[in-house]
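The values are calculated or read from the model by the stated rules, or taken from the named source; none is laboratory data. Keep in mind the model is a prediction, meaning the values are calculated, not measured. A quick note on method: Cβ atoms are made from the backbone with ideal geometry, for glycine too, and the neighbour counts reach across all protein chains shown.
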Amino acid sequence: MSAFRDGLRGSIPFVFVVSPFGLLFGVVGTEAGLNLLEVMGFSVLVIAGASQFAALQLYAENAPTLIILATALAVNLRLAMYSAALTPHFGAAPMWQRALIAYALVDQNFAGSMSEFERREMTTAQKVAYFAGASTTIMPAWYLATLIGAVAGSAIPPWMALDFALPITFLAMIGPMLRTLPHVAACIVSVAASLFFAFLPYGTGVLVAAALAMVVGAQVELWQKRRAA
Amino acid sequence: MKLWIIIIGLGVGTYLLRLSFLAFAGGRQFPEWALRHLRYTAVAVLPALIAPGVLWPAATGGQPDPARLAAAAATIAVAVWTRNTLWAIGAGAAVLYATLALIG
């Protein structure tokens, strides 16, 4: 029980990170013409802010369903890496617990749990309890913030230029990712290629640019390794 | 209808990504070449999603807009400098409203 409480306590700062994004998704979703059920459907069934924003933007641009799904799922590929990283810790837990952990797995409880598990010895049950505690604050904060944003969204006046809330949010998320040369190279290629391929219909330019940028990031990383060797 | 296909499709797909290794791995790992590409997914997809809209905003009929360009520059500068997403959003919004108020 104390591991659960530790998880609760450790995740409280994340509430202040998650809530503004949930709020913003509720607002932007309502602005894009979604009703309350649709906005909440995203936040309860998907629970992955960046991909929800991506899907919303491409939906507003009338992109085909398959392109929207491919792009939004590409944003979420990192969750498979989290799943792999957590397997040594949760692999011995019962299947129903792992199924629930998978539902709640987001950037914040992943980061919080990994740093806690590396810091001290814990049994599988304690680790599960810690993750459950962390999720008990983060999940309701995400749902509630989305709900508030969706209800308040229609009351937001045009001078607030909400059309630009999404680009600002993405730029603010990209900045901290530019830690290494390969990340910077991938980002530059992503921007240049998306502008060059902007004439392609239905957001397909985004997929082409993203694929090019991933290859460039991986190649620059390899080049760096060879040079260091 | 289309929207619910997207919501449910994205929900199921994302859940399977989260569940993948937790449920089925049995100690297996990604091959190194796959990891090397996966590391750059976020930084490859997110900039491509917004770059055209920053340069040619729909709200101004596709004309480059000084206020929006200034806000984008301020956001990325603060985000790189502080590594703090929320500070960067605040800076971007402040510059956007200030420049919109100044130059209309």
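The table below lists the values:
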item: Whichever residue in segment A:204-229 is touching a residue at least 24 places away in the same chain (Cβ under 8 Å) and among the β-branched types (Val, Ile, Thr) and, among such residues, is nearest to residue B:48 (Cα to Cα); result: A:206
item: Unmet criterion (only one of (1) modelled with pLDDT of 85 or more; (2) more than 20 Å from residue A:102 (Cα to Cα); (3) buried (at least 20 other Cβ atoms within 10 Å of the Cβ)) for residue B:4; result: (3)
item: Evaluation of residue A:89 against (1) more than 20 Å from residue B:40 (Cβ to Cβ); (2) at pLDDT below 90; (3) out of contact with any Lys or Arg (no Cβ under 7 Å at 6 or more places or on another chain) (one fails), failing number; result: (3)
item: Any hit, segment B:83-102, residues being within 7 Å of chain A (Cβ to nearest Cβ), surrounded by fewer than 16 Cβ atoms within 10 Å (Cβ to Cβ), on the phi > 0 side of the Ramachandran plot and without any contact (Cβ under 8 Å) to a residue 60 or more places away in the chain; result: yes
item: Residue in segment B:68-79 that is surrounded by 14 or more Cβ atoms within 10 Å (Cβ to Cβ), more than 7 Å from chain A (Cβ to nearest Cβ), under 26 Å from residue A:199 (Cβ atoms) and of a type in the set (D, E, K, R) present; result: no
item: Hits in segment A:146-162 - residues which are surrounded by fewer than 22 Cβ atoms within 10 Å (Cβ to Cβ), touching a residue at least 24 places away in the same chain (Cβ under 8 Å), assigned to a helix (DSSP H, G or I) and not β-branched (Val, Ile, Thr); result: A:147, A:152, A:162
item: Residue that is nearest to the chain's Cα centre (by Cα), among those in segment A:32-77 that are crowded, with 20+ Cβ neighbours inside 10 Å and among the hydroxyl-bearing types (Ser, Thr, Tyr); result: A:51
item: Candidates A:43, A:19, filtered to the one that is within 25 Å of residue B:48 (Cβ to Cβ) and hydroxyl-bearing (Ser, Thr, Tyr); result: A:43
item: Failed item in (1) modelled with pLDDT under 90; (2) assigned to a helix (DSSP H, G or I); (3) under 19 Å from residue A:72 (Cα atoms), with residue A:209 passing the rest; result: (1)
item: Filter pass, residue A:87 being crowded, with 20+ Cβ neighbours inside 10 Å and hydroxyl-bearing (Ser, Thr, Tyr); result: yes
item: In segment A:130-145, residue farthest from residue A:35 (Cα to Cα) [restricted to those that are surrounded by 20 or more Cβ atoms within 10 Å (Cβ to Cβ) and of a type in the set (Phe, Trp, Tyr)]; result: A:130
item: Cβ pairs under 7 Å, 6+ apart, first in segment A:180-203 and more than 24 Å from residue A:222 (Cβ to Cβ), second among the β-branched types (Val, Ile, Thr) and assigned to a helix (DSSP H, G or I); result: A:197/A:208; A:200/A:208; A:202/A:67; A:203/A:67; A:203/A:71
item: Meets criteria (out of contact with any Gly (no Cβ under 9 Å at 6 or more places or on another chain) and basic (Lys, Arg)) for residue A:98; result: no
item: Residues within segment A:178-192 that are in a helix (DSSP H, G or I) and either polar (S, T, N, Q) or within 7 Å of chain B (Cβ to nearest Cβ) (or both), tallied; result: 6
item: So residue A:175, is it touching a Phe, Trp or Tyr at 6+ places or on another chain (Cβ under 9 Å) and either among the basic types (Lys, Arg) or at the interface with chain B (Cβ under 8 Å from one of its Cβ atoms) (or both); result: yes
item: Qualifying residue in segment B:15-31 (condition: within 7 Å of another protein chain (Cβ to nearest Cβ) and exposed (fewer than 14 other Cβ atoms within 10 Å of the Cβ)); result: yes
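Residue-by-condition table, conditions (1) without any contact (Cβ under 8 Å) to a residue 24 or more places away in the chain; (2) at the interface with chain B (Cβ under 7 Å from one of its Cβ atoms); (3) assigned to a helix (DSSP H, G or I); (4) within 18 Å of the chain's Cα centre (by Cα):
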{"residue": "A:103", "(1), (2), (3), (4)": "no, yes, yes, yes"}
{"residue": "A:116", "(1), (2), (3), (4)": "no, no, yes, no"}
{"residue": "A:122", "(1), (2), (3), (4)": "no, no, no, no"}
{"residue": "A:127", "(1), (2), (3), (4)": "no, no, yes, no"}
